[in-house]
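J.: Take this structure first; my questions come after.
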Amino acid sequence: MSGALDVLQKKEEDVLKFLAAGTHLGGTNLDFQMEQYIYKRKSDGIYIVNLKRTWEKLLLAARAVVAIENPADVNVVSSRNPGQRAVLKFAAATGATPLACRFTPGTVTNQSRAAFRSQDFWAAHQPLTEASYVNLPTIALCNTDSPLHYVDIAIPCNNKGAHSVGLMWWMLAREVLRMRGTISREHPWEVMPDVYFYRDPEETEKEQQAAAEKAVTKEEFQGEWTAPPPEFTAPQPEVADWSEGVQRFFPPAHSAETAALLYTASLYFLLELAVPLMRIVRLFLPTSQVFDTSFNDLTVCSKAKNNSGPLAM
């Protein structure tokens, strides 16, 4: 579609943008009318869109938009969140009329409505159907499983990802402005593609809160220390050693022979003390109990008169 003109050929930076945004990644289902735009199928079942055909259809759609004299006669519709921001940015750049909301049935066919419009559309099923009733040309961003009923110019791409949809609208707006002569092809467009990307309000709020907390923490730990340093000008008293002047007693070390002698002496002392104690206890016990006070084992034996009955304690 670009012919032999080098200025209309896709550049490497444009292809890298397509790959980074995932524009070439289609779905796992394939419509028979979209087979001509498929490059191949991956092992996981995802169809790969031919970016050469995407670029050709993008240029054709830009020529169709530029051919309309009044830019406000072009309506751009997106009822899904990922495309609403891109539609508003495209309309602001090209002068088109945006419909970034739910498409109300009868917007094209019901002339009695105050919001009746009779312009060109490229969007989803309902506006395409109504545009066919009044013979309006349509342009659509189509995925691999998108039916091409009532679609005049189909741009094959990933129409589900927020980055892919935003990049396609950014590319289309840039080509429209270049063909109109508003911007030059020799210089890059000052508007960045991420301006067209959809941002979830909840995620944006969380990111802002996290950034604010991080900034506060950074200021607390990296701020200048304003407290004056402590001054220790008073003389400190000398602390004397508490063990000075105290006599220390270290018992002499005993040998093994000395320890054995001490153990034997203590044993004899206990034996001599145990014998009189047993004699005293014998006086208070009945005569039926006899004590054998042997110095060897010091055992107590009990003898009953008739050798029967429990031991009386």
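Here, each number is a calculation from the coordinates, and none is a lab measurement. What you see is a predicted model, and the numbers here were worked out from it, not measured in a lab. Using ideal geometry, Cβ is built from the backbone for each residue, glycine included, and neighbour counts are taken over all protein chains shown.
J.: Which net charge results for the neighbourhood of residue 54, defined as the other residues with beta-carbon distances under 13 angstrom from its beta-carbon, given Lys and Arg at +1 and Asp and Glu at -1?
T.: +2
J.: Quick one: of 10/42; 89/206; 57/89; 42/214, which pairs are farther than 32 Å apart, Cα to Cα?
T.: 42/214
J.: Run through the DSSP bridge list for region 6-209 and note the antiparallel percent, rounded to the nearest 5. The partial results should precede the final answer.
T.: Details: 4 of 13 bridges.
Taking every DSSP beta bridge with both residues in region 6-209, the antiparallel ones total about 30 percent.
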